[in-house]
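A.B. asks: One structure coming up, written as structure tokens, with questions to follow.
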Amino acid sequence: MRPEETLGQAQAAMKLAGEELRRKFPSWMGPRESATAVPLRDTVVASVRPALLILLGAVGFVLLIACANVANLLLARATLRKRELAIRASMGAGRWRIISQLLTESVLLSLMGGALGLAIGFLGLRALLAVNPVNLPRIGQHGAEVGLDARALLYTLLVSLFTAILFGLVPAISAAREDLNATLRESGARSGGGFRQNKTRSILVATEMAMALILLVGAALMIRTLEALRGVRPGFDGHNVLTMEMALSGSRFEKTAGVSQMVRDVERRVGALPGVEAVAGACCLPLTGGPDLPFTIPGRPVFGSTSGDVQWRNVSPQYFEVFRIPVLRGRVFTERDDAASAPVALINEAMAQHFWQKEDPIGAQLLIGRGLGWLGPAFEDVPRQIVGIVGDIRDYGLDNEPAPIMYVPEAQVPDGISALDNRLVPFLWEVHTKVEPFSLSTEIQQEVRKASGGLAVAHVRSMEQVVGESTAGADFNTMLLSIFAGVALVLAAIGVYGLMGYAVQERTQEIGIRMALGANPEEVRKMVVCQGMRLAVIGVAIGVVAALALTRFMAGLIYQVKTWDPTVFTAVAVLLSAVGWLAAYIPARRASRVDPVIALRYE
């Protein structure tokens, strides 16, 4: 775009260009397709934006839970310092002076926490990027472009100051509003007034429990998604398969005959290595997607200008043997399916069921690339006979259902398509070995380079690595959400424990009186645990309702799991309730051991 142009103007121009293209070449652009302009940055991050926003929300929840804990501690501390602050006020300290003193303490606490968080964050960031198997856009290779720069430092400083002021102001104002005369007349002894005097702290704890439940539900849904993905059958066997890429440059590969000859040479040389079972070349690997082309079925009516538009794969004869893709009917390609023989094609079961339904497609004709002739005669294809049906594979990731695919022998690809493919995408080699594939990697690469005339081999991976990379995004999101959920669970437990511990300390005299009047330790434990569990149950109930509303935003990240999965919600609610019970039981156990004589003298 020129500097003076706006995105709206570019979109309008592209729309007009698309309409002109449809008028000139109606087979190239369907009636439902259009052209537009999109910022490059939006295109690059489009696939990860939802996940990053959800992770940002998780970070926000953890921050809020931590702030609620700090606010609870500051409220409890302000209550313990009521007499001290009252004395300061009686000696002339104004309300603003008291508020500023408490805010200063809160800011110092927050800044120290921010500094500690930066240190932990730096180490944690490097650790996460070290184990992260997926390259997120705009972060560089293995996260090389990610670091704690001036923006990160400024952000941490601002968050520390904001949270200190926001969550330190309420306790400070509450302490400054205390009735001076009433506070000074109070005795040093503490007497419990139940949770009515601790409403703010109770609300904060219940909120912590609710937010922790939301994060735990999100993490559990991602864990269930990973389980479902690992249970999916991809339709091929990637065990002991080595893959590598090669850029086919030079006049030798401008025509299909040159590519086909190289494939035969590689199959001969690599296939002769001890430990190699099968060798193949192809445009694409399973799970990684690839090009699609329009096609027609001669003799059948078409809708628009074609019968459909499906995935297209050019492969060498041993491709199906390398990946152990089953032949359901008919045959696969052989060495005899070359440029001099009758044009043939294979289709997968999904394509057979979609376009032939109950009919037998074996022997039927396919005209692939209908409408590409306007690019030149080298792109024209001839009708092909379907000679076999192979099993479905997950071609666009484990979380996508098998798509219709048509296969063409590498030796029979039209010259124009072959030249275009070689300019746009690297050619891929796949080798099935009898032993661990990387043990033969050096020898295989040497033979491939010799057969290709010295072309470089790159991106050497096992097929198991390719499968792992297909779920890398889900793995990474699950790991991060699980970390955040674990931290939230610990913080929520600390919140319940801190509130109940403070309540027990505040009600020491009351507990002593109860026990002096005949209450046994079991009754005291039950009383304290019930009070703690009341907060936990309220928090869990609120969290369930909130999670039902928020998890719908995760619909694009989960697979074969409902956003309202009852198993997940039940398990998380039980887990959080159990943690809440444990956090309340420890102070309750301590309360049941109070000596009434000591408690009645407690100052």
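A.B. asks: Between Arg88 and Leu153, what is the label-to-label distance in nm when each label sits 7 Å out along the Cα-to-Cβ direction?
C.D. replies: Here the modelled spin labels are 3.2 nm apart.
A.B. asks: Could you compute the FRET efficiency for Phe553 and Thr43, with r as their C-beta to C-beta distance and R0 at 22 Å, rounded to 0.05?
C.D. replies: Plugging the Cβ-Cβ distance into 1/(1 + (r/R0)^6) gives 0.55.
A.B. asks: For Phe25 paired with Arg336, estimate the spin-label separation in nm (one decimal), with each label point 7 Å from Cα along the Cα-to-Cβ line.
C.D. replies: Result for the modelled spin labels: 3.8 nm.
A.B. asks: Express in nm, to one decimal, how much length is gained between Leu16 and Leu328 on full extension, taking 0.36 nm for each residue of separation and deducting their alpha carbon distance.
C.D. replies: 107.6 nm
A.B. asks: Counting other Cβ atoms within 10 Å of each Cβ, which trypsin sites (Lys or Arg not before Pro) in the range 21-94 have at most 11 and sit in a DSSP loop?
C.D. replies: Arg32
A.B. asks: Separate question: What spacing in nm lies between the two simple spin-label points modelled at Ala130 and Leu111, each 7 Å away from Cα in the Cβ direction?
C.D. replies: That separation, rounded to one decimal, is 3.2 nm.
A.B. asks: Right, another one. Any aspartates and glutamates with Cα under 20 Å of the Lys562 Cα? List them, leaving off those in the same chain fewer than 8 positions away.
C.D. replies: Of all the aspartates and glutamates, those that pass the test against Lys562 - Cα under 20 Å, at least 8 places apart if same chain - are Glu227, Asp399, Glu401, Asp475.
A.B. asks: Sort Met209, Met14, Met533 by accessible area with a 1.4 Å probe, largest first.
C.D. replies: Heavy-atom accessible area, descending, gives Met14, Met533, Met209.
A.B. asks: Related question: When the solvent-accessible surface of protein heavy atoms is calculated with a 1.4 angstrom probe, in what order do Glu33, Glu401, Glu430 fall, highest first?
C.D. replies: Numbers: Glu33 100, Glu401 120, Glu430 0 Å².
Accessible-area ranking of Glu33, Glu401, Glu430, largest first: Glu401, Glu33, Glu430.
A.B. asks: Could you please state, rounded to a whole Å, how far the C-alpha centre of the range 420-488 is from the C-alpha centre of the range 70-130?
C.D. replies: Cα centroid to Cα centroid, the span is 51 Å.
A.B. asks: Measuring from a point 7 Å past the Cα of Gln261 along Cα-to-C-beta, which residues in the range 327-343 have an amide N at less than 15 Å?
C.D. replies: 339-340
A.B. asks: Through the Karplus equation 6.51 cos²θ - 1.76 cosθ + 1.60, θ set to phi - 60°, convert the phi angles of the range 428-445 into ³J(HN,Hα) values in whole Hz; use x for Gly and Pro.
C.D. replies: Result, rounded to whole Hz: 10, 10, 10, 10, 9, 10, 7, 10, 4, x, 6, 5, 10, 4, 4, 5, 5, 4.
A.B. asks: Suppose accessible area is computed on protein heavy atoms with a 1.4 Å probe; arrange Trp312, Trp564, Trp581 from highest to lowest.
C.D. replies: Trp564, Trp581, Trp312
A.B. asks: Could you give the length gained on full extension between Val490 and Arg593, defined as 0.36 nm per residue of separation minus the Cα-Cα distance, in nm?
C.D. replies: Length gained, Val490 through Arg593: 34.5 nm.
A.B. asks: Counting each DSSP H run of 4 or more residues in the chain as -39500 (n - 2.57), what helix-only mean residue ellipticity at 222 nm follows after dividing by all residues, to the nearest 500 deg cm²/dmol?
C.D. replies: Theoretical 222 nm ellipticity from helices: -18500 deg cm²/dmol.
A.B. asks: What figure in square angstrom, to the nearest 10, would you give for the accessible area of Arg252 with a 1.4 Å probe?
C.D. replies: Ignoring ligands and nucleic acids, Arg252 comes out at about 100 Å².
A.B. asks: Turning to a different aspect of this structure: With the contact rule set at Cα under 8 Å and sequence spacing of 6 or more, what percent relative contact order holds for the range 334-459?
C.D. replies: Once divided by the residue count of the range 334-459, the mean separation gives 28 percent.
A.B. asks: Can I ask one more? Please compute the contact order of the chain in relative form: average sequence separation of alpha-carbon pairs under 8 Å and at least six residues apart, divided by the residue count, as a percent.
C.D. replies: Working: 911 pairs, mean separation 130.3, N = 603.
Relative CO of the chain lands at 22 percent.
A.B. asks: Can you compute the FRET efficiency between Lys450 and Thr200 using 1/(1 + (r/R0)^6), with r the Cβ-Cβ distance and R0 = 56 Å? Round to the nearest 0.05.
C.D. replies: Computed FRET efficiency for Lys450 and Thr200: 0.15.
A.B. asks: How high is the relative contact order of the range 1-148? Use alpha-carbon pairs under 8 Å, at least six apart in sequence, and give a whole percent.
C.D. replies: About 15 percent, as a whole number.
A.B. asks: Hey, another quick one. Given a Förster distance of 30 Å, report the FRET efficiency between Arg233 and Ile483 from their Cβ-Cβ distance, rounded to the nearest 0.05.
C.D. replies: 0.50
A.B. asks: Still on this model: In terms of the Cα gyration tensor, with a ≥ b ≥ c the square roots of its eigenvalues, is the range 321-368 rounded because a/c is under 1.5, prolate because a/b exceeds b/c, or oblate?
C.D. replies: Cα axes put the range 321-368 in the oblate bin.
A.B. asks: Given (i) 220; (ii) 169; (iii) 245 as candidate values of volume of the Cα convex hull per residue in Å³, which corresponds to the one derived from the coordinates?
C.D. replies: (i)
A.B. asks: Okay, next question. What angle, in degrees between 0 and 90 and rounded to the nearest 10, separates the Cα long axis of helix 566-591 from the longest principal axis of the Cα atoms of the chain?
C.D. replies: So the helix axis and the longest Cα principal axis differ by about 30 degrees.
The values are calculated or read from the model by the stated rules, or taken from the named source; none is laboratory data. Note that the structure is predicted; figures quoted are calculated from it, not measured. A quick note on method: Cβ atoms are made from the backbone with ideal geometry, for glycine too, and the neighbour counts reach across all protein chains shown. The accessibility values were calculated without ligands, DNA or RNA, using every heavy atom of the protein model including side chains. Shrake-Rupley method; radii C 1.70, N 1.55, O 1.52, S 1.80 Å.
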